[in-house]
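So the structure is just underneath, and the comments pick up after that.
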Amino acid sequence: MNTKTFFLLVSLFLSCTSLMAQEAQKSDLHKRADASDPKENIAQTRSLYIHAFNDYANRSDVKQGVECAVKAASLYHKENFYKEAFDLLRRADQVVNESQKPSNEKAAAHYQCTNERLQMYIKLRKSDSAKEQLNILSSLASQAGDESINNDLLYTKALYYYTFGMNAQGNAVFQEMANKLTASKEYDKVDEVYKSLITNARRSNNANFVAQSYNNYLAWKDSIADLKLADETGVLKKQIADHEASIADKDSSLTARMAFIVGLGILAAALAAALVVGAFVLMRYILLTRRQKDIIRLANDSNALKSQFISNISAQLAPSFRKLDNSNPEVKALLAFTDHIQLLSDVERTVDEEVELEDTQIQPFCEELMDQIRPLVKDGVNLTVNAQKMTFSLNREYVSHIISHLLHNAADFTPADGTICLDVKKRSAHTYQFIVTDSGENIPEERREEVFKPFCEIHDLTKGDGLGLPICKQMAIKMNGDLVIDPEYVRGTRFILELHV
């Protein structure tokens, strides 16, 4: 029996009982095998299916692997290489047994192999061996619990009975299959199944199978006219009953409609009153919204003026501070503090302005930043840069400032024999991350938000003014990005600068 014809018949039958499952993604070997024409070179097609089976077996893809093995076995026994076909099916069964698939999926895979064996025994006219395989098929179909397999089993049983002259049993099984379709009134589908069965019987050169299929088809054609007439009559009776019921409903609903019209009038009056109240509430909401917008605008203006004021004070104090002895640690710290205030105010004030970008080769850029802290780290600290050879646009001034500050902090807090790493990763077509990781102390969770806020606590200026990270945060925001602490990293501290370019 031609395997392609068999699958065509089964697909026609299953299309009216359930939707076919979507075909899984096939490997390149599998696609090449399907595209190869066995009529031109059967050995090549068979070899491709065998290689695809071996590839799927190595990847534990049981379903696709068994499909390829069955197709290769069919091509084997098409040339009467029965030993090779049986050996290949045994290998496929072994792969199924060794897999970790659920028992119902294993049963479905074994069903395919056993069904192909049955086709070979039918072709060899070995009735006892064919019957044994048919019994195994029945057991596997029960284990698989798949309706499509149960339907396939009906067709296989019919083929077996007709092949070995058991016409009564074949008629009963095939009638059961046809009844499933007839019961759902899929008459065209039943007609297709009968015609496909007759065509398949002719191709198998099984005269008995052809005769029985044709006789059953003629008998069904005679009976279907009565069924269609009964259906049409039933439809007409239902339409008449529906019309009578509709007339009765219309008669009984006239009074209800009058009452409904009165109710609509009352409802319209209530809606009008509700609209008046709603309009009043809406106007009040609009006034409140305008007031809130004014408050937000005033707050933004106030913040801008405050930043400008602080910046002006810092600019005015800086010349006086520089006249002092800058060798004094307190004076030096005070000068740095005024510079930081000036920088923070400038960034906050211009946060909505666009920054200039330039194409930058990332690897040498990162190596240069890492080289700045080599003289500052403790003994044995390992410095690593992981950046691919790529180029993208960024603001070199801001990114250099942020990464340099993070690396200097890492150098201060990383103990001897620790590690400091700078990674650059491309997260999407327009999103990049600079990641600075050290093995120093982990920042407590309750302080991770505060470190980015300026003036949250009083600092000893000789030990730092606490404005470094807030400045870096504002720079990141101005570049349409963000600077955060990785909450999942606990073996030190990890800062992530994410930029959208």
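What follows is calculated from the coordinates using simple rules that are stated; it is not laboratory data. The shown structure was predicted, so the numbers you read here are calculated from the model rather than taken from an experiment. All Cβ positions, glycine included, derive from the backbone under ideal geometry; neighbour counts span all protein chains shown.
Listing for the model above:
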{"quantity": "Selection of chymotrypsin sites (Phe, Trp or Tyr not before Pro), the stretch 54-96, meeting DSSP coil and at most 16 other Cβ within 10 Å", "calculated": "Phe81"}
{"quantity": "Backbone N under 19 Å from the Glu367 label point (7 Å along Cα→Cβ), restricted to the stretch 406-445", "calculated": "420-425, 435"}
{"quantity": "Trypsin sites (Lys or Arg not before Pro) within the stretch 379-425, DSSP loop, no more than 16 other Cβ atoms inside 10 Å", "calculated": "Lys389"}
{"quantity": "Shape category assigned to the stretch 354-497 from the gyration tensor of Cα positions, a/c cut at 1.5", "calculated": "oblate"}
{"quantity": "Under the Karplus curve 6.51 cos²θ - 1.76 cosθ + 1.60, θ = phi - 60°, whole-Hz ³J(HN,Hα) for the stretch 437-447, x wherever Gly or Pro sits", "calculated": "10, 9, 9, x, 6, 7, 6, x, 4, 6, 9"}
{"quantity": "Long-range HN-HN contacts of Asp482 with modeled amide H, under 5 Å", "calculated": "Glu498"}
{"quantity": "Nearest-0.05 FRET efficiency for Gln433 and Tyr285, computed from C-beta distance (R0 56 Å)", "calculated": "0.85"}
{"quantity": "For the stretch 85-90, Karplus couplings with θ = phi - 60° (6.51, -1.76, 1.60), whole Hz, Gly/Pro x", "calculated": "5, 5, 4, 5, 5, 5"}
{"quantity": "FRET efficiency, 1/(1 + (r/R0)^6) with R0 41 Å, evaluated for Lys63 and Asn208 via beta carbons", "calculated": "0.70"}
{"quantity": "Additional length obtainable on full extension of the chain from Lys237 to Glu79, 0.36 nm per residue less Cα span", "calculated": "50.9 nm"}
{"quantity": "Mean Cβ neighbour count within 10 Å, used as a protection proxy, ranking 365-374, 263-272, 159-168 highest first", "calculated": "159-168, 365-374, 263-272"}
{"quantity": "Global form of the stretch 388-442, assessed from the alpha-carbon gyration tensor, a/c cut-off 1.5", "calculated": "prolate"}
{"quantity": "In the stretch 389-485, the GluC sites (Glu not before Pro) that fall in loop regions by DSSP, at most 15 other Cβ within 10 Å", "calculated": "Glu441, Glu449, Glu457"}
{"quantity": "Cα-projected label distance for Ala172 with Asp28, points at 7 Å along beta-carbon direction, nm", "calculated": "5.4"}
{"quantity": "Gained length - Glu488 relative to Leu271, 0.36 nm times residue gap less alpha-carbon distance", "calculated": "72.5 nm"}
{"quantity": "Förster radius 60 Å - calculated FRET efficiency between Glu445 and Glu244 (Cβ-Cβ, nearest 0.05)", "calculated": "0.20"}
{"quantity": "Restraint check, Lys101/Lys131; Lys78/Lys131; Lys39/Lys101, Cα-Cα greater than 31 Å", "calculated": "Lys39/Lys101"}
{"quantity": "Full-extension gain in nm, Lys389 to Asp128, via 0.36 nm per residue minus C-alpha separation", "calculated": "86.9 nm"}
